[in-house]
1. Sort 268-279, 32-43 by packing, meaning the average of other beta carbons within 10 Å per residue, with the highest value first.
2. Take every Cα-Cα pair in segment 154-232 and report what % of them are more than 22 Å apart.
3. So, by mean Cβ neighbours within 10 angstrom, what's the order for 24-30, 63-69, 74-80, 257-263 with the highest one leading?
4. I want to verify a result. In a Gaussian network model of the chain, Cα cutoff 10 Å, which of these has the top mean-square fluctuation: GLU111, GLU249, GLU200?
5. How large is ³J(HN,Hα) for each residue in segment 204-209, as worked out from phi by the Karplus curve 6.51 cos²θ - 1.76 cosθ + 1.60 (θ = phi - 60°), to whole Hz, x for Gly and Pro?
6. Tell me whether segment 22-119 comes out rounded, prolate or oblate; compute the Cα gyration tensor, take square roots of the eigenvalues as a ≥ b ≥ c, and use a/c under 1.5 as the rounded threshold.
7. Where the Cα atoms of the chain are projected onto their three principal axes, how long is each span, largest first, in whole Å?
8. Give me the count of lysine pairs in the chain whose alpha carbons sit under 27 angstrom apart, restricted to pairs 8 or more positions apart or on different chains.
Amino acid sequence: MLRKFLARLGSRGEREIHVGSCRLAIPDDHRIEDIRRKWKRYDVALGDIASAVAGKYPSATAIDIGANVGDSAALIRTHRRMPVLCIEGNPAFLPYLRRNLEQLGSDVAIEPCFVADDDSSIALADIDTGSGTASVNRAVRAGTGEAAAVRASSLAAIVRRHPAFADPRLLKVDTDGLDFRILRSSRDFLARTRPVIFFEYYLDADDGAAADALVTVELLAAIGYRRHLVYDNFGNFLITIEATPRFAELNAYLCSNRRHGRAVYYFDVCSFHDDDSDLFLQLRERELGLAAE
């Protein structure tokens, strides 16, 4: 089954795109260039956030969970030469990720695995890959006995294999459905390291995602993450949140979109620990300034 899965992936063509100063190879069906052409702010915020983080922490490192083809790492490196650990387990994207990161320097590392509980695995046949994304929510399995499965690791275990990233100042999570689960399972790591977190707020993964989202933001608040910048899925700045009950209003908006006519599919949320309230204010003022231009 694994051989068939990889053969199916290998049948697709490829093309190249520019991300910042980098030229990246991507599968033909990857939609990133079409999205960026239509929505000019798509993914731009992450570069601005990385620049602000590196301005405060000159020796900052970043971890990119769901690194895909390396576009986020390229964006971060275009703004600041920050070491990045790229975590990606999908065989559809790993060959592109490895090739694309060769141009970014020796301080960019790859961990070829998925992030989940240490005693779980990802069933390859259940990964829904298409148009440059890969939903793995339904592919998570307890245990590692399945034939065509890739073992998953916790973030803490991955970092033990990459000690240079033991204290990241920026954590990006984009896994099309596992973000809340990853953040909750990484609670102790986040409480200790307190990075700025940029994650996808996506409620379509399963029927329990809306409840999972609220549990996750409450957990983040309990360990000191009480300030958030929210962007729509086109990269446009939307609101700031400093009271977690307001996330229920975001849920209501996304659910209304899903039921009555879709305009916005998800949000990107940048969460700041109390230690970085200055970065929150700095980036908020930047977004307000851009709106006034």
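Computed from the coordinates by the stated procedures, all read-outs in this text should not be read as laboratory data. All values derive from a computational prediction rather than experimental measurement. A quick note on method: Cβ atoms are made from the backbone with ideal geometry, for glycine too, and the neighbour counts reach across all protein chains shown.
1. 268-279, 32-43
2. Result: 21 percent of Cα pairs exceed 22 Å.
3. The densest-packed peptide leads the list: 63-69, 74-80, 24-30, 257-263.
4. Result for the chain, Cα springs under 10 Å: GLU249 fluctuates most.
5. 8, 5, 7, 5, x, 5
6. Values: a/c = 1.58, a/b = 1.07, b/c = 1.47.
Oblate shape, in that a/c is at least 1.5 and b/c is the bigger or equal ratio.
7. Here the spans come out as 51, 41, 40 Å, largest first.
8. Lysine pairs satisfying the spacing and distance rule in the chain number 4.
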